[in-house]
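We did not get these values from a lab; they are worked out from the coordinates using the rules stated. All figures in this text were calculated on a predicted structure; none of them were measured in a lab. Glycine gets a Cβ as well: all are built from the backbone with ideal geometry, and neighbour counts include every protein chain shown.
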4 protein chains.
Amino acid sequence: MTGHHILTLSCPDRPGLTSAVTQRLFQHRGNVVEAQQFGDAETGRFFMRIVADFADEAAEGEFRQDFSGLAGTYDMEWSLRQADERRRVLILVSKFDHCLSDLLYRHRIGELPMDIVGIVSNHPAEGHELAGARNIPFHHFPITKDTKPQQEAQIRDVIEETGAELVVLARYMQILSDEMSAYLSGRCINIHHSFLPGFKGAKPYHQAHARGVKMIGATAHYVTADLDEGPIIVQDAEAITHADTPDDLVRKGRDIERRVLARAVRCHLEDRVLLNAQKTVVFGD
Amino acid sequence: MTGHHILTLSCPDRPGLTSAVTQRLFQHRGNVVEAQQFGDAETGRFFMRIVADFADEAAEGEFRQDFSGLAGTYDMEWSLRQADERRRVLILVSKFDHCLSDLLYRHRIGELPMDIVGIVSNHPAEGHELAGARNIPFHHFPITKDTKPQQEAQIRDVIEETGAELVVLARYMQILSDEMSAYLSGRCINIHHSFLPGFKGAKPYHQAHARGVKMIGATAHYVTADLDEGPIIVQDAEAITHADTPDDLVRKGRDIERRVLARAVRCHLEDRVLLNAQKTVVFGD
Amino acid sequence: MTGHHILTLSCPDRPGLTSAVTQRLFQHRGNVVEAQQFGDAETGRFFMRIVADFADEAAEGEFRQDFSGLAGTYDMEWSLRQADERRRVLILVSKFDHCLSDLLYRHRIGELPMDIVGIVSNHPAEGHELAGARNIPFHHFPITKDTKPQQEAQIRDVIEETGAELVVLARYMQILSDEMSAYLSGRCINIHHSFLPGFKGAKPYHQAHARGVKMIGATAHYVTADLDEGPIIVQDAEAITHADTPDDLVRKGRDIERRVLARAVRCHLEDRVLLNAQKTVVFGD
Amino acid sequence: MTGHHILTLSCPDRPGLTSAVTQRLFQHRGNVVEAQQFGDAETGRFFMRIVADFADEAAEGEFRQDFSGLAGTYDMEWSLRQADERRRVLILVSKFDHCLSDLLYRHRIGELPMDIVGIVSNHPAEGHELAGARNIPFHHFPITKDTKPQQEAQIRDVIEETGAELVVLARYMQILSDEMSAYLSGRCINIHHSFLPGFKGAKPYHQAHARGVKMIGATAHYVTADLDEGPIIVQDAEAITHADTPDDLVRKGRDIERRVLARAVRCHLEDRVLLNAQKTVVFGD
């Protein structure tokens, strides 16, 4: 018996999809361990995630071969991976490293199935606590208005060289160029603070304090050209009071940000997030 | 095209189940709108809930016929119902009627797909606000230690006469006899307050206050002979402080109780809850 | 001993305020049962809420007399009321009456210390469940674009005649004129749905669904000319998923809206909310 | 002007307390920045926390001198400390170091006003990630049934030598002897997982899973002889589903535990927690 495999797919909805997919698995000695599906009534699109074991490697190979034909017929986007395959992840950070620190911790105890192939910061290594990041290459790529294209090229080089499959903006405070955003589309997760109502622009916690909101939150989303507007993966919020200073909001925000980002990264690494135009389907988080 | 139907099933897990079920649906011109499944690795039991449309009534009839055979082969417990079929519900209440009041409200605006076939109280009608319950028969069945068997017989009579499919203990403060609990097993939902840590016995909010807990909660569960220990359907909790008096806890508890009970009732009415020995599987709540 | 009295005050901050106030209470045989204060470091404004008992009515009268002088010296806005004095409240509603229904319920069981002096709707009585509102005058004031000034005049008449001290917009879907907003300033609470990020305009739940947010919420605030932007009193939010339809969001939103509005109304009735320019101080909710 | 000072006190309740305390502050040129009080109607005990600035050090000295007399008269337990004075903290840990790791992180970024004077583990240093703990003495004190008295004596020695004012059991899995618990009473915080309903004994997450609860939580409390029953400081909980395996519960539990413990430690360090017999008063968390 092979270990768990994760099959994800999305395609135009039509009758018989679940049957066609699960029957094919059964024929090739694949056993469904877990399955979730969702049909978006508005867009007419169908989404599915299956965790399956195969009798042996040959069975998996045959299934992959056969399924590839089916996928063509049904116009599917699909992926089949071993569940314990660790993805290569590059983390970008700026001055505040609470999210970096949290990801390093979760990585160390094996909570997140990933290999961190590098850390890029626009601040020098001395500004970060990297003791938990031994053996992880650290890249200091400073940036100014004038050197942005070159700095982004440096990041792209690291991505290409390391084969990074996911880029995590762990409070990376530089706005990516449209080209960079397009380049990273669908494989880059950002975290930003958000509120009820939302605040844009600089110093959002100070804005929230000035507005007197009673709740603060954070949003993890995929990067698109429009920085804070990509498909949302995870959100969370908690109550605050009039007695909370802007500093208190920053402190509470740090905690929300790190848990929201960690959850989004975990969902992505476990193939739980499927893109649905400007939205996401998040299975079984 | 028929309206939505809900198929639920549970059986010993084995390869090919999802395939067998969905294929059968496809053959009989049933279209899967929504599907969820869960395999309990510990008990080896498989659970599934499918929302499906059929091409026409004949198709549904054929499927039902055919599926019945399959269910025998796989040793399934199963049910197939029209999603908009309203279940007959009997509500039992004692002195405090916040849960009754909330269920009546949700019933009135059509949030809960049920017909309320009666309200039973061990207190007289004058003690309740029944203005929102016009046309719903009200039964005052007083109870004393000595008359418990007779009173429970009265309730059973109402259940039999009305064909009630679900009994909701909406803060019904009488402990059911073992016979009554067994009679209602799997079709009776109770709400009780619970805490971290839990408190048993009388005046739980006062106990919680005396203990100085910082959180109170409520649990909705199916009734078994052991009153507060049946399979749990829904739980929720919220923060309290040292400044909350026992009265404050009672007030906050009322709100938690009514939303937890309403959610549990809705899940049951939508066939989202499947029994898994002493536990439940709750799909897509 | 008199029953509880609630003293609230706000004034420019300066040393000795707490001492001056509590000393004055002590001198007039007032006993502090509960006290909260807050100094806003940014605006330099001081806020206080004290629950106190007096030895007898004479003591209370003397204190009030004496305190009035102190308040002049310190430039205080202040109020002293009996805690069990019930405020007169007028409720405005449109088509959806889940908030009205909830307030009526809480009023009936004595959870909210208020007398409801009337219900105003721009829809006829038949559209509402008013069985729980016996003895409460119902006013049907229809409104069109052309009759808005007259309709608002009708509402003002009811407010004047009943001496309503608080107006609750319980999902009243008409935008108040600037004059009406100014007239109601500081004594009118509105509830509106809000999200992370916030959505303005029509059909907010549909907007939220289209955006794919993972959390919805609601805000209760005082009315100002800018309808959704008045000082915030209470906010709450909860998680949703991709599987929630716009109808599900509306259903979940109803629950959040009614509990957020009820909490805001209770805080107001218990003198827990003090205005701090465009923000609020909410004590000990 | 001196920096912030924190005055906490508790005593039998009687009229004039707030007045007496704040007047004394005013007389000695102390300015109240923040004040909270609570009178426990059941036990007749009064609790107060004041943040105050003094005009200069002399003023603070005079106040302390004068207040000491008042405290005698009113039978007060009290404390007056500089708010930015860092307390000496000793952390005890066993195999799982998620709470230790989190506390080290918060310490590093200055979120918690403490000096960590040592880490004690019954497991060797190699088992922990101590890179973030440079300059913090690590003590490996193994323990067996037979050596418990000696091991506890070693811990006491470290406490005495370092002058540790607070001991944090950051998932220290050894049950303290009654003597040790008594020795640490009121100055030792423990974290334990708790549920609705609560589970005692070994493998609580597995118990919770077996019971099918829909919510897990954690409790931070002061240590008493009865390990899990000391005065509760902070609790939190979150929803789980049937699909969560025991491993998922452990993972989710880690996150709840670290944030609950961090919050309790911060509250303690900021003098927000006052003991009220078997309960706590937690001000303005």
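List of remarks:
- Computed about the Cα centre, the dipole magnitude for the protein assembly as shown is approximately 0 debye when only Lys and Arg (+1) and Asp and Glu (-1) carry charge, each at its Cβ.
- Longest stretch of chain D clear of exposed loop sites (GluC sites (Glu not before Pro), DSSP loop, at most 13 other Cβ atoms within 10 Å, sites excluded): D:86-285.
- Given charges at Cβ of Lys, Arg, Asp, Glu: chain C dipole, positive-most of C:17, C:3, C:239: C:239
- Extending 7 Å from Cα along the Cβ direction at residue C:247 and again at residue A:187 yields two label points whose distance is 4.1 nm.
- Extents of segment D:116-255, taken as max minus min of Cα coordinates on every principal axis and listed largest first, are 49, 33, 29 Å.
- For residues of B:258-271, the mean tally of beta carbons on other chains within 10 Å: 1
- Per residue of peptide D:242-252, the mean number of Cβ atoms on other chains within 10 Å of the residue Cβ is 3.
- Separation of alpha-carbon centers, segment D:1-67 and segment C:242-285, rounded to whole Å: 35
- Principal-axis analysis of the Cα atoms of chain D puts helix D:17-27 at an angle of about 60° to the longest axis.
- Of all DSSP beta bridges in the protein assembly as shown, antiparallel share, percent nearest 5: 70
- Relative compactness, chain A, computed as alpha-carbon Rg over 2.2 N^0.38 Å: 1.10
- When all alpha carbon pairs of the protein assembly as shown are counted in 10 Å bins from zero, the resulting P(r) reads 2, 9, 16, 22, 22, 17, 9, 3, 1, 0 %.
- Within segment B:5-82: Cβ-based charge dipole about Cα centre, in debye rounded to nearest 20 (Lys, Arg +1; Asp, Glu -1): 80
- Lys, Arg +1 and Asp, Glu -1 on Cβ, resulting dipole of chain C about Cα centre, debye, nearest 20: 660
- Using a simple spin-label model with pseudo-atoms 7 Å out from Cα toward Cβ, residue C:225 and residue D:1 lie 3.6 nm apart.
- Coupling constants for segment A:116-127 follow from the phi torsions by the Karplus curve (6.51 cos²θ - 1.76 cosθ + 1.60, θ = phi - 60°), and in residue order they are 7, 8, x, 10, 10, 9, 8, 10, x, 3, 4, x Hz; glycine and proline get x.
- Separation of the residue B:161 and residue A:179 label points, Cα + 7 Å toward Cβ, nm: 8.2
- Crossing angle, helix D:98-108 versus chain D [Cα axis fit, 0-90 degrees, rounded to tens]: 40
- Chain C, relative contact order in percent, only Cα pairs under 8 angstrom and at least six apart counted: 16
- Relative contact order %, segment B:5-82, counting alpha carbon pairs below 8 Å whose residues are six or more apart: 47
- With Cα atoms, 0 to 90° folded angle of helix D:246-269 axis to chain D main axis: 20
- For segment D:5-82, the direction-averaged projected area of the alpha-carbon convex hull comes to 4.5 nm².
- Helix-only CD estimate at 222 nm, as mean residue ellipticity for chain D, using -39500 (n - 2.57) per DSSP H run (n ≥ 4): -10500 deg cm²/dmol
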